[in-house]
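The values are calculated or read from the model by the stated rules, or taken from the named source; none is laboratory data. Here the structure is a predicted model, which means the values were calculated and not measured. A quick note on method: Cβ atoms are made from the backbone with ideal geometry, for glycine too, and the neighbour counts reach across all protein chains shown. The accessibility values were calculated without ligands, DNA or RNA, using every heavy atom of the protein model including side chains. Shrake-Rupley method; radii C 1.70, N 1.55, O 1.52, S 1.80 Å.
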Amino acid sequence: MEADRIFINTGAKPDVPGIPGITSDLVYTSAELLDLNQWPARLAIIGGGYIGMEFASIYAGFGSKVTLLIRGNRFMPKEDSDIATEVRRTLENKGVQVLLETEVSEIVDTGPTAKLIVKSADGTVGELEAEAVLTATGRSANTEGLNLQAAGVEVTNRGFIKVDDKLRTNVPHIWAIGDVNGGPQFTYISLDDYRIIKDQLYGKDLRTTEDRKNIPYSVFIDPPLSHVGLTEEEAIRRGYSVKAAKLAAAASPRARQFKQTEGLLKAVIDVETNALLGFTMFAAESSEVVNTVSTFMNTGQPYTVLRDTIFTHPSMSEILNDLLSTI
Ligand SMILES: Cc1cc2nc3c(=O)[nH]c(=O)nc-3n(C[C@H](O)[C@H](O)[C@H](O)COP(=O)(O)OP(=O)(O)OC[C@H]3O[C@@H](n4cnc5c(N)ncnc54)[C@H](O)[C@@H]3O)c2cc1C
């Protein structure tokens, strides 16, 4: 195919782990599980990333007995351990069983159910039965069939299309946008990639991926977990001297009104500059509040400005006053 300009925007696809028996009809990817019209009484989820977590929360809400099988030795390793502990406790209260350091070595399709052979870190081998198995072990670039080699388009060692900060590939007139270029895999990053291209073609050609300072994200478990900036552990690793504010979600009148009092909030402040380095909210409506906080962080003002901002009552945002006043 020839064109003056080519934009590759083919997204990502689920990785399917090479476990014997993985081709069983009872094993689903996230897209396939959404199409399932029968409710699984038991759901085994392979992978403890955000997709695995969201499906665990959704199906536990439906009443399925959910088991999360995680290979690593830490639950939600990218989050601070106090937040991860709170999330785990909340999921477990909903009946989700979390198994760390667990490898699935085989899946046996017995007809109505799948039997998973699981191996723990101490070498113990056990069995787990489920009506459905979800694989959520990561996503890779959707480049199959594009014949990138023919155009000389380079990919990373993980198979994502290599781009510069203006999303240009190594071949002039070919760009890669969205999940396929290996950036953060979010709908709104794909949208922001589009803004960069639009600015190049029709604007001042100033926008780059380097402009993205604080990218918020939400994990749609119940309640949602949202985060922006650095975690406390990451800030310390980077050499910041920090103070952390923490507050239980139950402190929020709005959360009590919603009867959603599980959860925890946390803010990380740079002792030297009073800048807000990071914010995590595991509570109702966090996917809204996090956008207020990221907008604030982009202004570079000291945390005290947000602490003293007037918010409506009752709202989940007003808890920012209380959270930041604990410092
Ligand atoms: C279960 C799940 C939950 C998610 N939840 C969220 C969330 O809550 N919030 C969020 O922001 N993001 C979420 N994401 C991520 C989000 O879906 C992606 O980041 C986003 O869709 C990426 O957009 P994109 O434009 O790169 O590609 P896509 O939206 O994947 O679109 C790519 C399109 O290209 C098509 N295509 C592929 N190959 C070819 C080809 N050879 N020829 C022609 N067409 C082709 C595909 O069929 C597809 O229509 C979630 C993803 C999953 C899997």
- Message: Helix-only mean residue ellipticity at 222 nm, the chain, DSSP H runs n ≥ 4 weighted -39,500 (n - 2.57), per residue, nearest 500. What is it?
- Response: -8000 deg cm²/dmol
- Message: Between the range 195-265 and the range 13-35, what is the separation of their alpha carbon centroids in Å?
- Response: 31
- Message: Give the lysines whose C-alpha is closer than 26 Å to that of Lys213, dropping any in the same chain fewer than 8 places away, or say none.
- Response: Lys78, Lys162, Lys166, Lys198, Lys204, Lys243, Lys246, Lys266
- Query: Ranked by accessible surface with a 1.4 Å probe, highest first, in what order do Arg89, Arg237, Arg212 come?
  - Reply: Arg237, Arg89, Arg212
- Item | Relative contact order for the range 170-308, counting Cα pairs under 8 Å that sit 6 or more residues apart, in percent | 21
- Pairs of Cα atoms under 8 Å, at least six residues apart: use those to get the relative contact order of the range 93-201, whole percent. 14
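According to the square roots a ≥ b ≥ c of the eigenvalues of the Cα gyration tensor, what is the shape class of the chain, taking rounded for a/c under 1.5, prolate for a/b larger than b/c otherwise, and oblate for the remainder?
Numbers: a/c = 2.01, a/b = 1.06, b/c = 1.89.
In terms of gyration-tensor shape, oblate.
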- Kindly provide the GluC sites (Glu not before Pro) of the range 89-178 that DSSP labels as loop, not H, G, I, E or B, and whose Cβ sees at most 11 other Cβ atoms within 10 Å. Glu144
- Item | Protein-only accessible surface order, largest first, of Lys115, Lys204, Lys162 at 1.4 Å | Lys204, Lys162, Lys115
- Note on the structure: Each label sits 7 Å from Cα toward the beta-carbon; between Thr124 and Asn170 the label points are separated, in nm, by 5.0
- Note on the structure: Reported to the nearest 10 Å², Leu323 has, with a 1.4 Å probe, an accessible area equal to 0
- Note on the structure: Descending accessible area (1.4 Å probe), largest on the left, turns Ile22, Ile51, Ile196 into Ile51, Ile22, Ile196
- Over the chain, what relative contact order in percent results from Cα pairs under 8 Å that are six or more residues apart? 15
- Task: Determine, from the Cβ-Cβ distance of Glu154 and Arg237 and an R0 of 30 Å, the FRET efficiency 1/(1 + (r/R0)^6), rounded to the nearest 0.05.
- Result: 0.45
- Query: Which value, in debye to the nearest 20, describes the size of the charge dipole of the range 1-141 about its Cα centre when Lys and Arg Cβ atoms bear +1, Asp and Glu Cβ atoms bear -1, and nothing else is charged?
  - Reply: 200
- Item | Most to least packed among 36-43, 266-273 [average Cβ atoms within 10 Å] | 266-273, 36-43
- May I ask you to derive the FRET efficiency for Glu92 and Lys204 from their Cβ-Cβ distance with R0 = 45 Å, giving the value to the nearest 0.05? 0.30
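Go through 219-227, 75-83 and give me the packing order, highest mean Cβ count within 10 Å leading.
The most tightly packed comes first, giving 219-227, 75-83.
So how much slack lies between Thr326 and Ser105, counting 0.36 nm per residue of separation and subtracting their Cα-Cα distance, in nm?
Extra length from Thr326 to Ser105 when fully extended: 74.8 nm.
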- Task: For Lys162 paired with Phe7, estimate the spin-label separation in nm (one decimal), with each label point 7 Å from Cα along the Cα-to-Cβ line.
- Result: 2.4
- Which of Thr113, Pro40, Ala60 sits farthest toward the positive end of the charge dipole of the range 18-136, with +1 on the Cβ of Lys and Arg and -1 on the Cβ of Asp and Glu? Ala60
- Query: Rounded to the nearest 10 Å², what accessible area does Tyr194 show when all protein chains are kept and the probe is 1.4 Å?
  - Reply: 120
- Message: I'd like to know which of Ile310, Val289, Ala250 lies farthest towards the positive end of the charge dipole of the range 218-325, counting +1 on Cβ of Lys and Arg and -1 on Cβ of Asp and Glu.
- Response: Ala250
